[in-house]
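Heads up: the structure comes next, in structure tokens.
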Amino acid sequence: MTLTFVIVIVLAPAWAYLVGTAVAAVRFAQHPLPTEAERPPVTVMKPLHGAEPGLYENLHSFARQDYPAVQLVLGVGNAKDSALSAARALIHDLSESDIALVIGVLVQGSNQKVANLENMLAAARHDILVFADSDMRVDRRYLAAVTAPLLDPGTGAVTCL
């Protein structure tokens, strides 16, 4: 077995993956965003823990979407969490937005983030839930893009980077 043959065997799957990924990305980019009338109401769930850098701006990017009906649910595990100052500042600054703050103390299981999400779930008012980490910052078209595949009745869940 020659060195060239070994290199081809090792690199062929990587090249196939790269080509497949490029094709999928191009196909996704070609899908038009749904019209405003086609966009269902959405609840965005943002579990918080600690006052990380840029937290206010990250939360603000979700509260200011070009989307007709968005509820933002912010949740912390306890009343002393340092993320509360950014959450309360956002609620104050965007008082016209639909933002709920959940301070949960009920912990079930060993995963704090999942427990936080469980506590937040009761505050959600819409059937479509978008879960996003607190370190995400998005552009104004994010919710339109991430919910667009849900217009296909065969799609039950969407994930993205």
Distance cut-off 23 Å, percentage of C-alpha pairs in the range 1-82 lying past it = 58
So for the pair Ala89, Val8, with labels modelled 7 Å out along Cα→Cβ, what separation do we get in nm?
-> 6.0
Heavy atoms of Ile103: accessible area, 1.4 Å probe, square angstrom to 10 | 70
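What whole-number value in Å² describes the accessible area per residue of the chain for a 1.4 Å probe?
On the way: 10100 Å² over 161 residues.
The answer is 63 Å² per residue.
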Anisotropy class of the range 45-90 from Cα gyration tensor, a/c 1.5 cut | prolate
Rounded to two decimals, the Debye log10 I(q)/I(0) of the range 95-161 (Cα scatterers, no solvent) at q = 0.15, 0.16 Å⁻¹ is -0.66, -0.75
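Leaving ligands, DNA and RNA out of it, report the carbon-plus-sulfur percent of the accessible area of the chain at a 1.4 Å probe. Intermediate values should be presented prior to the final figure.
Working: 6250 of 10100 Å².
Roughly 62 percent of what the probe reaches on the chain is carbon or sulfur.
Report, as a whole number in µm² per second, the diffusion coefficient that Stokes-Einstein gives for the range 46-152 at 10 °C and 1.306 mPa s using the Kirkwood radius over alpha carbon pairs.
For the chosen part, D equals 112 µm²/s.
If we sort 44-50, 121-127 on the protection proxy, mean other Cβ atoms within 10 Å, highest first, what's the order?
Working: 44-50: 21.4, 121-127: 13.6.
In descending order of packing, they fall as 44-50, 121-127.
For Val19 and Leu129, what does the FRET efficiency come to when R0 = 41 Å and r is the distance between their Cβ atoms, rounded to the nearest 0.05? Walk me through the numbers before you get to the answer.
On the way: r = 34 Å, r/R0 = 0.82.
With R0 = 41 Å, the Cβ-Cβ based efficiency is 0.75.
The values are calculated or read from the model by the stated rules, or taken from the named source; none is laboratory data. Keep in mind the model is a prediction, meaning the values are calculated, not measured. Methodologically, a virtual Cβ is constructed for each residue, glycine included, from the backbone with ideal geometry; neighbour enumeration extends over all protein chains shown. For the accessible areas, the whole protein counts, side chains as well, though only heavy atoms, and no ligand, DNA or RNA atoms are used. Shrake-Rupley method; radii C 1.70, N 1.55, O 1.52, S 1.80 Å.
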